[in-house]
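Rule-based calculations on the coordinates, nothing more; no lab input. Since we're looking at a predicted model, the values are computed, not measured. Every residue, glycine as well, gets a Cβ built from its backbone with ideal geometry; the counts of neighbours run over all protein chains shown.
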Amino acid sequence: MINKKVIFSILLVILMVVFSLSGMAAVNVNSILQQMEKSYHQQMSKIQDLTIVQEMEGGLISMTSTLYQKKARVKNREVFKTRSESNAMGMNSVVIFDGVYTWSVDPISGEVKKEEREFDPLNIWKMIDPAKAKYLGEEKYEEKNTYKIQLDDAIWMMGNENMADYGTNEETDVEMYSIFWIDKKDFVPLRSQNFIKSTTVEDGKQVTMNNVIDAVFLDYRRVGSLLLSYKMVVSNQMDVDDPSLSEEEKEEAKAFMNAMGKMEFVVKSAEVNVGLSDELFDGTKLEPQEPMFKNMPGTLQGGQGNSEMGSMSQEEIQELMQKAMEGMEGNEGFQEMMENMKQGN
């Protein structure tokens, strides 16, 4: 049977991407970001509220998501309150930005979290920190002129640092960066590539996992004054170099990773100015949910990540991973995905 820690790590990376995606010379990074910001404000100037319904097609994970936004004035500044609802593998995710705080239900612990930060998945330019970005020049992509930008520590900057930390310990070295292709004419993303490499030592042997997540934004259309991609294609390639795996386990791991295939996020409907209720954006109404892994020690459910994992022995970590897999095996969505993989679908 395939190494359970490998499956667990693969699932966390995939879930991190899926929920997240539900869901960037005289030219430099700052000037590009300024133009992206100007274009965004021009597009949103005539929009009072926005509703986008999206489904994921293909791959082994099914997903539906709905994004709600409503213009409001909070603390003397204009903002778009935001609510994002997603369901993947039977697990629900809700994130609300009320103009000041971002409220969410942690999928690992099931607890409601409140943070003083902004959440707006359409604001790609805000995800790019100029201090951690590099301008790589201009490049032709699909017959369009683009700006090419490299962004370091991309997963953390997109607000998923807690999810990225689960299942790692102090001895795990993680390197990651992303590359964005930004349309020079409309200042919207056309493509992003995310590179994640993790290296750790188990039983004196180095284990390396390389993951490349490629996202292509297609079929841009006008929804009111907003330019929206109606189709996003995400492909995932992962390679695990683990000396402890037998040849059979390596083949199973390869089959599992290849089975994910391509995932297509397709906008099913998009509406503007329909008069959304303010109650949609009230984070105090969020309620705790059952944790992803039931009957688990506090490490994963508490979201402490590598701080507690680093203090655990190898045997304790293995036991934790075993219980995590047992928890996932009780999830109907996970069971369906594993059955599809066995059948080669």
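Highest mean packing first, where packing is the average number of other Cβ atoms within 10 Å per residue, the peptides 189-198, 277-286 line up as 189-198, 277-286. Counting 0.36 nm for each residue step from GLN34 to ASP282 and taking away their Cα separation leaves a gain of 86.2 nm. Could you pull out which residues in region 180-213 have an amide N less than 15 Å from a spot 7 Å beyond the Cα of SER244, following the Cα-Cβ vector? Residues 199-209 fall inside that zone. Extension gain, GLU78-GLU55: 0.36 nm per intervening residue step, less the Cα-Cα distance, totals 5.3 nm. Annotation: peptides 179-188, 222-231, 199-208, ranked by per-residue average of other Cβ atoms within 10 Å with the highest first, follow the order 179-188, 222-231, 199-208. Residues in region 214-252, backbone N under 16 Å from the label point at LYS262 (7 Å along the Cα-to-beta-carbon vector): list them, ranges by number please. Inside the label zone: 214-220, 230-237.
With a cut-off of 20 Å on the backbone N, the residues of region 42-83 near the modelled label site 7 Å out from ARG222 along Cα-Cβ are 42-52.
The stretch between PHE195 and GLU116, if pulled fully straight at 0.36 nm per residue, gains 25.6 nm over its current Cα-Cα span.
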